[in-house]
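Only the coordinates and a few stated rules stand behind these numbers; no lab work does. On a predicted model such as this, the values are computed, not experimentally measured, just so you know. With ideal geometry, Cβ positions are generated from the backbone for all residues, glycine too; neighbour counts draw on all protein chains shown.
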Amino acid sequence: MRGSRRGSIKDILPERVSDETAEVVEEVLERKLTSAAGLAVDLLHAMEERFGPEARRVAARMIENRGFEPRTETGAPVEDLRRFRDTLERSCAGTHRWERTVDEPGRVGYRFTHCLWAKVFNRLGEPDLGFYFCAGDEPAVRSFNPELRFSRTRVLMRGDSHCDHDFYVKDRVKD
């Protein structure tokens, strides 16, 4: 499905809804994400005020080192990559917009052009804090199957025009 554009909440709802209904649901998601992100920003700022710049370094290390529970029933890496792709797309519906640029056995690539997390954290003036959450992409895919890998060279949260995500089976040749 190379080149398919996705991301509407309509992609995962069990029944058809109007564009207006989908827009309302996505606005509610944005308000909830803004509230959660705002709390994280306020907490970080309070910690920095009390403990200085070390508070930000501790938060970054804590988030970067968070563990993902490995799946107990991993399968063949190529099949698990397909499952991961499907899970990723369902979980991103309503908060992200993307184009699947590569869909091959052993490799799936994306061009994310909208990320609600990036929008919210940038609006709150804390893209670095938001990027800490992006740091979970690599360990998430490895916890799905230890033979899966991830790379990225562009990041919306860092001001790029898009994120380029590349998920692949370890030891497969990448373009």
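Across every pair of non-identical alpha carbons in the range 1-80, the mean reciprocal distance, once inverted, gives a Kirkwood radius of 17.1 Å.
Helices meeting the span-like rule in the chain (full DSSP H runs, Cα extent of at least 24 Å along the helix axis, mean Kyte-Doolittle score of -1.0 or higher): 19-51. The modelled label-to-label distance between Leu43 and Arg142, using points 7 Å beyond Cα along the C-beta direction, is 2.4 nm. With the simple spin-label model, which puts each label point 7 Å out from Cα in the Cβ direction, the Arg31 to Asp128 separation comes to 3.2 nm.
Evaluated with a Cβ-only charge set (Lys, Arg +1; Asp, Glu -1), the chain carries a dipole of roughly 320 debye about its Cα centre, given to the nearest 20. For the range 1-81, the set of trypsin sites (Lys or Arg not before Pro) satisfying both a DSSP loop assignment and a count of at most 15 other C-beta atoms within 10 Å is given as Arg2, Arg16, Arg66, Arg71. Could you check which residue among Leu156, Leu44, Leu129 shows the biggest mean-square fluctuation in a GNM of the chain with a 10 Å Cα cutoff? Of Leu156, Leu44, Leu129, the Gaussian network model singles out Leu44 as fluctuating most. Return the single residue from Leu13, Leu148, Leu124 with maximal mean-square fluctuation; model: Gaussian network over the chain, springs between Cα atoms under 10 Å. Largest GNM mean-square fluctuation: Leu13. Here the calculated FRET efficiency for Ala76 and Glu54, from their Cβ-Cβ distance with R0 = 45 Å, stands at 0.50, rounded to the nearest 0.05. Pairs of Cα atoms nearer than 8 Å and 6+ residues apart set the relative contact order; for the range 126-171 it is 33 percent. Kirkwood radius and radius of gyration were both taken over the C-alpha atoms of the range 124-175, and their ratio Rg/Rh is 1.04.
Taking only Cα atoms of the chain, what ratio of Rg to Rh do you get with Rh as the Kirkwood inverse-distance radius? Computed over Cα atoms, the ratio is 0.99. Working from label points 7 Å from Cα in the Cα-to-Cβ sense, the Ile63 to Arg16 distance is 4.1 nm. Set Lys and Arg Cβ to +1 and Asp and Glu Cβ to -1, take the dipole of the chain about its Cα centre, and tell me which of His114, Thr95, Cys163 lies farthest positive. It is Cys163.
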